[in-house]
1. Which fully enclosed strands (runs of 3 or more DSSP E) of segment 114-231 have 3 or more residues being hydrophobic (A, V, I, L, M, F, W, C)?
2. Scan segment 121-179 for residues that are more than 23 Å from the chain's Cα centre (by Cα), over 24 Å from Lys66 (Cβ atoms) and among the basic types (Lys, Arg) and jot them down.
3. Just a yes or no: is a residue in segment 187-207 open to solvent by 70 Å² or more (accessible area, probe 1.4 Å), in contact (Cβ under 8 Å) with a residue 24 or more places away in the chain and among the β-branched types (Val, Ile, Thr)?
4. Which of the following residues is within 13 Å of the ligand (Cβ to nearest atom) and in contact with a Gly (Cβ under 8 Å, 6 or more places away or on another chain): Thr106, Thr123?
5. Considering each of Gly12, Gly26 in turn, give the residue that is part of a loop (DSSP other than H, G, I, E, B) and in contact (Cβ under 8 Å) with a residue 60 or more places away in the chain.
6. When you go through Leu111, Leu102 one by one, which is the residue that is buried (at least 18 other Cβ atoms within 10 Å of the Cβ) and assigned to a loop (DSSP other than H, G, I, E, B)?
7. I'd like the residue in segment 156-190 that is more than 9 Å from the ligand (Cβ to nearest atom), touching an Asp or Glu at 6+ places or on another chain (Cβ under 9 Å) and among the charged types (D, E, K, R) and, out of all such residues, is farthest from Arg201 (Cα to Cα).
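The values are calculated or read from the model by the stated rules, or taken from the named source; none is laboratory data. If you're wondering where the values come from, they're calculated on a predicted model, not measured in any experiment. Neighbour counts run over all protein chains shown; Cβ positions are idealised from the backbone, glycine included. The accessibility values were calculated without ligands, DNA or RNA, using every heavy atom of the protein model including side chains. Shrake-Rupley method; radii C 1.70, N 1.55, O 1.52, S 1.80 Å.
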Amino acid sequence: MMRVDAMLSRYGYCSRREARAWVNGGRVVSGGVVIKNVNSKVEPADTLVDGEPVPFVDGLYVALHKPIGYTCSHDEEGDLVYDLLPTQWMRRGDGVNSVGRLDKETSGLLLMTDDGSFLHALTSPKRHVPKVYEFETECPIPAEAVQIFADGQLVLKGEKMPCAPAQLRIIAPCRGELVLHEGRYHQVRRMLAAVGAPVVRLHRSAIGPLKLEDLNLQPGEWVAIDPAMFR
Ligand code: URA
């Protein structure tokens, strides 16, 4: 149970100060009863605001099909991935963030959440959640790259630690799939550039058990997911 003004602000409807007007307007119904007093306590899961259930009472977990040209940032110029989500979510108490990032020019599966521990668990280097990337290159991918990546011996420019072993599949001379178990800055592009095959198109098709193609999302669309699949 929580105070109705705290609930309205926690889930991004309005500020605590504005809550009185929402309550006075009869917009909040809890347990089937119209709430009249801003000091009342409500159970968010049993509450309707403007006739609709409070979304994601137990945490927000969403898969987004990130389009090319959108930046994973809250405050940069241009199109942002957060512009693709309802604005009310951005005002939720714990904010909404992407689980890791994709480059502006990369498309594909991006998880969004307001649950800090879920975010940290999935991005922690200890977890090794596999991420699958499909890509096209400017020139043919050298066959030796398969072994170089699998051996975990590749040291990227400006780094000391070699990349963790990664699985490369060459599908066509200039097309492949790479499975990474870590997430370094521009990692796919830098690994392919290091073997002489700069990436010209990059798309993330899966994170752990979640495959973008199973979600049937057009670029820019999102769908709620069950976080339990990542436990
Ligand atoms: N590797 C990259 O180079 N870019 C991404 O967006 C993700 C992985």
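1. 167-172, 175-180, 199-207, 222-224
2. Listed by number, the residues that qualify are Lys157, Lys160.
3. yes
4. After ruling out the rest, the residue left standing is Thr123.
5. Gly12
6. Working: Leu111 fails: assigned to a loop (DSSP other than H, G, I, E, B).
Exactly one residue qualifies, and that residue is Leu102.
7. Arg169
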